1. Roughly what % antiparallel, to the nearest 5, for the DSSP beta bridges in segment 3-305?
2. Restricting the count to DSSP beta bridges whose residues both fall in segment 151-301, what percent are antiparallel, rounded to a multiple of 5?
3. Below 8 Å between Cα atoms, with a sequence gap of 6+, how large is the relative contact order for the chain in percent?
4. From the gyration tensor of the Cα coordinates in segment 3-305, what semi-axes in whole Å does the equivalent ellipsoid have, largest first, with each one equal to sqrt(5λ)?
5. Run the numbers for residue 79 and residue 35: contour at 0.36 nm per residue of separation, minus the present Cα-Cα distance, in nm.
6. Enter the Cα centre distance for the pair segment 36-74 and segment 230-300, rounded to the nearest angstrom.
7. Take the Cβ-Cβ distance between residue 44 and residue 274 as r, set R0 to 25 Å, and report the resulting FRET efficiency rounded to the nearest 0.05.
């Protein structure tokens, strides 16, 4: 099974200040783990291109694009919101993170690949159509989804988001688009403090209680996600792969374990094999405890490769 791996050197140069949890080491520990495990030898590596303005404007406003470009500093840091900042490399990294989604989509739809994993930062699922927030600048998954629909002619695409934080930006961009079904889980009463009331009928948002553990995830996937996905019959599946619900990650209290990430990854791959010709593009979102992130990303990629 041909599987693509996409990343870019700029992802390690984007920084938001000392001790920020969304740090350059995140992509490095994943790459190191995949290399040490031999999984990179099973994948074809691609350097992510920069997304074009036209590709990004399928998901974002022209004003948002222009404002971020104008904010990009020549030196130092510029704050975008209280926990999100740009350094001199952020603009390049954000373009290449979105570009990874575009390239991965093309590889899976047209290039003979069944799966793609994008080891990218900055992440994207909090970036709304007109706003950067929550460590995110462009919504990588939404850019890829709109490229699949508007650029490559697909008719139905699904997005599964298992980050511990609600993908409010993805919801903002995709709500009401009947060509897209978004299914998500997230911890209730956690940043960005919304998601309980979906903005459109094409959204299946499942809030989970703190300390509910992996059983709550499994119930949500089996009883909420999978029935909706099977009814929708997507032609392609995107995954916003956030690993910050892990019990070792102090960003949250859901308490998931390594085995939960392996399980949800397998179930999504099985669904893609059943409904979407096996086509999956997975994009890194959250995950801030570096050892847990590396381990769970390896399990996720194993599932993409069909090696679990």
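Throughout, read-outs are computed from the coordinates displayed, never taken from laboratory work. No experiment lies behind these values; they were computed from the predicted model shown. No Cβ is skipped: glycine too gets one built from the backbone with ideal geometry, and neighbour counts run over all protein chains shown.
1. 15
2. Around 0 percent antiparallel, to the nearest 5.
3. 19
4. 25, 21, 20
5. That pair, residue 79 and residue 35, stretches by 12.4 nm at full extension.
6. Computed from Cα coordinates, the inter-centre distance equals 21 Å.
7. Efficiency at R0 = 25 Å is approximately 0.50.
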